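**Q** Quick one: structure below, then a few questions.
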Amino acid sequence: MSEVLSQAEIDNLLNALSTGELDTDALQDQNDRQVKNYDFERPAKFSKEHLRTLEIIYEHYGRLLSTNLPVYLRKTVQASVASSETVTFSEFTNALQTPSILGIIDFRPLNGSIILEMSTNLGFSMIDRMLGGTGAALDKERDFTEIELTILQKMMIICVQLMHDPWKNVVDISPVMERLETNPQFAQVISPTDMVAIVTLNMKIGDVEGFVNVCLPFFTMEAVMDKLNTKYWFTNMQEAADEDYTENLEVMLKHVEVPVKAVLGVTSITVAEFTTLQIGDIIKLERNTGDELDVYVGNMRKFNALPGSSKEKYAVRVTEVVREEE
């Protein structure tokens with residue numbers, strides 16, 4: 001409750017006001033709340049912190065594109081985040097041209113879908129490279145043929161699969177490419193008035209440069225909005241780095257293919273004898289028929305084995321493991 005002034009204090013206050021000793025502006029309550037305009041047609045559902053976290057995620061995604069796409073295109077690829085913003089879905093689709101390259105992605109396990117939009121000059125450059133060309137873009141844009149759409153869809157699937165790793169610190173996603181559209185009218189995945197976050201990447205394939213836009217609807221991101229902050233992202237990244245590195249390395253090594261060969265024996269012959277070899281000729285080896293064979297993994301002798309067959313194919317049965325000290 002406000003303090004009650006005495007009559008003397010009231011008189012002194014009035015005198016000060018009348019003589020100008022006290023400024024009326026000083027009597028205003030400094031704790032008044034500032035009124036801000038709120039646009040109900042464009043609700044601020046994505047904060048600057050959310051957009052910053054999305055930029056960090058897709059900076060990682062850009063690095064993956066730069067290292068993986070050259071394997072297929074056989075040309076240098078550079079990708080980095082250019083900007084991020086919040087708009088309505090109608091504003092995003094109205095800014096698209098026809099034809100466009102729009103990948104509709106089921107963002108499992110999150111609800112709804114996201115859209116991966118790529119500049120047509122980048123698409124034609126990819127098609128040209130995949131068909132053996134230099135990777136040049138077209139001077140005049142045109143519609144895509146069925147063959148070109150098939151190639152584009154395969155490239156878009158590769159781009160979609162690369163999204164899993166950048167998102168794992170927020171949510172373990174399994175994105176699936178639903179379909180590829182070239183007309184923005186057929187890419188209405190949410191209401192036109194719904195808010196979306198747009199992360200724009202600048203991509204360069206050789207000398208061809210264009211933009212890749214990732215459209216992330218609030219409806220899809222709503223379940224993980226609390227996790228879209230840099231503190232949570234870096235905390236999870238540190239926890240992942242602290243996991244048992246040896247165990248993860250063993251899992252990855254199990255999928256590595258190595259050549260394995262069993263050596264029947266070794267001998268020496270002259271070049272003249274080699275050039276006159278015919279089907280049915282016999283070459284003497286230094287081993288007897290009952291001797292064990294040397295089995296090499298790569299260039300290292302790792303096992304001893306006996307020759308035989310299995311399901312009508314040549315095979316060996318391992319009898320001994322050769323240790324390094326041997």
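All of the numbers you see were taken from the coordinates with simple rules; none came from a lab. A quick note: this is a predicted structure, and the numbers were derived from the prediction, not measured.
**Q** Sort out for me the Cα centre separation of segment 293-326 from segment 113-181, rounded to whole Å.
**A** 46 Å
**Q** Okay, next question. Of 75/154; 154/227; 254/302; 168/254; 261/311; 261/284, which sit over 27 Å apart, Cα to Cα?
**A** Over 27 Å apart, Cα to Cα: 154/227.
**Q** What is the gain in length, in nm to one decimal, between residue 315 and residue 150 on full extension, counting 0.36 nm per residue of separation less the C-alpha to C-alpha distance?
**A** The span from residue 315 to residue 150 would gain 55.2 nm if fully extended.
**Q** Run the numbers for residue 71 and residue 275: contour at 0.36 nm per residue of separation, minus the present Cα-Cα distance, in nm.
**A** 69.3 nm
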